[in-house]
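Please treat every number below as a calculation from the coordinates, not as lab data. Bear in mind that the values here come from a model prediction, so they are computed numbers and not experimental data. All Cβ positions, glycine included, derive from the backbone under ideal geometry; neighbour counts span all protein chains shown.
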Amino acid sequence: MSERDGTILVTGATGSTGSALVRELVARGAPVTAMVRGTSSTAPQGAATVVADFDDAASLAAALRGVRAAYLVTPSSERAQEQQERFVEVAAAQGVEHLVVLSQYASVEDSPVRFLRYHAAVERRVRELGVGHTFLRPNLYFQGLLAFADMIREQGRFMAPIGDARVSAVDVRDIAAVAAVVLTEPGHVGRSYEITGPTAVTHEEIATAIGAATGRPVEFLDVPPEAFAAALRGVLPDWQVDGLLEDYAHYARGEAARVFPSVAEVTGTPARDVATFARDHAAAFGG
Ligand SMILES: NC(=O)c1ccc[n+]([C@@H]2O[C@H](COP(=O)([O-])OP(=O)(O)OC[C@H]3O[C@@H](n4cnc5c(N)ncnc54)[C@H](OP(=O)(O)O)[C@@H]3O)[C@@H](O)[C@H]2O)c1
């Protein structure tokens, strides 16, 4: 017997979706263990913690012993596929019944977008191993705009190479809400959910919503990919900058505009819209 028998293990528990998911599971009274990298990492309150690292298979095996279900998310890096496949293989060996994998909207293995290729490859590995699974495939996170919060506060603008394309962007809290239901209620094994907001919005509309929420005008600048890349080089690893350019080219082609009803269908509550996101984060944007 392990002290974690029957628990739900949440990886990325200090990150954006994982921390929101731990809060949801704690609120539901579900047995939850937050996987963190170091003993000093702060996991959301009310959860047990276990220390493990995606680069250390032995630590993953110890963390997964006795676990019933697990939520898998890693940062999007050059090593994400390798790290996620390692986790999946260890989870299969430990007899985990249900893996809930954070993938991405429109993931396919022949995509021109590297993020979509690696997520699709991980999904394939999960299927090959025959582990019970649910794939969560969210579109662009509204919370990604928080990376521009300083710029919006200080200069009243933000930028992206996306033109006037619509994207059915989604609030991270809704991804966590879907994950919490999928992990605690029956009927979701073997399913894939594209997770989107309630409408597809342009970045101009996002700027207007943030302006309305903060009471200060916000301008959206459509910039060429080269200018966007130049602003990010040195801040993010090159692999990720190039991946973001591929991602924005995919958005700009209008390939991420479809709206799916999964948030409302799975959770019983409509997905949050851009106005709600902007209102709830108005302080960060200078409101
Ligand atoms: N951003 C978007 O618009 C978007 C859209 C769709 C899908 N996605 C997908 O979402 C995923 C990122 O999700 P997220 O935003 O929830 O993650 P996140 O906020 O980047 O958090 C990453 C988590 O992973 C942990 N971590 C990092 N390296 C680790 C290691 N070696 N061992 C164990 N834990 C480690 C971090 O812990 P520390 O606190 O220790 O660093 C953190 O808790 C990516 O796969 C991306 O492709 C993103």
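Assorted remarks:
- Amide hydrogen neighbours beyond the local backbone of Glu219, cut-off 5 Å, H modeled: Arg157, Phe158
- Using a cutoff of 8 angstrom between alpha carbon atoms and counting only pairs six or more residues apart, the relative contact order for the chain works out to 18 percent.
- For Ala13, the residues whose amide H sits under 5 Å from its own are Met35, ignoring neighbours fewer than 5 places away on the same chain, with H placed 1.01 Å from N.
- For Thr134, the residues whose amide H sits under 5 Å from its own are Leu99, Val100, Val101, Gly190, ignoring neighbours fewer than 5 places away on the same chain, with H placed 1.01 Å from N.
- For the stretch 82-92, putting each phi into the Karplus relation 6.51 cos²θ - 1.76 cosθ + 1.60 with θ = phi - 60° gives couplings of 4, 5, 6, 5, 4, 4, 5, 5, 5, 4, 4 Hz, in residue order, rounded to whole numbers and with x for Gly and Pro.
- Averaging the sequence gap over all C-alpha pairs within less than 8 Å and six or more residues apart, then dividing by the number of residues, gives the stretch 211-287 a relative contact order of 48 percent.
- Projecting the Cα positions of His250, Val101, Leu64 onto the charge dipole of the chain (unit charges on Cβ atoms of Lys, Arg, Asp and Glu, taken about the Cα centre) puts Leu64 furthest along the positive direction.
- Computed from phi, the 3J(HN,Hα) profile of the stretch 170-186 under the Karplus parametrisation 6.51, -1.76, 1.60 (θ = phi - 60°) reads 10, 7, 4, 5, 6, 5, 5, 5, 5, 4, 5, 5, 4, 7, 10, 10, x Hz, with x in place of Gly and Pro.
- Cα centroid of the stretch 206-225 to Cα centroid of the stretch 256-275, whole Å: 23 Å
- Among Ser77, Ser107, a tally of other beta-carbon atoms within 10 Å of each Cβ gives an order, fewest to most, of Ser77, Ser107.
- Summed over qualifying helices (DSSP H, 4 residues or more, each -39500 (n - 2.57)) and divided by its residue number, the chain shows a 222 nm mean residue ellipticity of -12500 deg cm²/dmol.
- Normalised by the number of residues in the stretch 58-125, the mean separation of alpha-carbon contacts (under 8 Å, six or more apart) gives a relative contact order of 33 percent.
- Taking Lys and Arg as +1 and Asp and Glu as -1, the other residues whose beta-carbon sits under 14 Å from that of Val182 total -2.
- Residue-count net charge about Ala231 - beta-carbon cut-off 13 Å; Lys, Arg +1, Asp, Glu -1: 0
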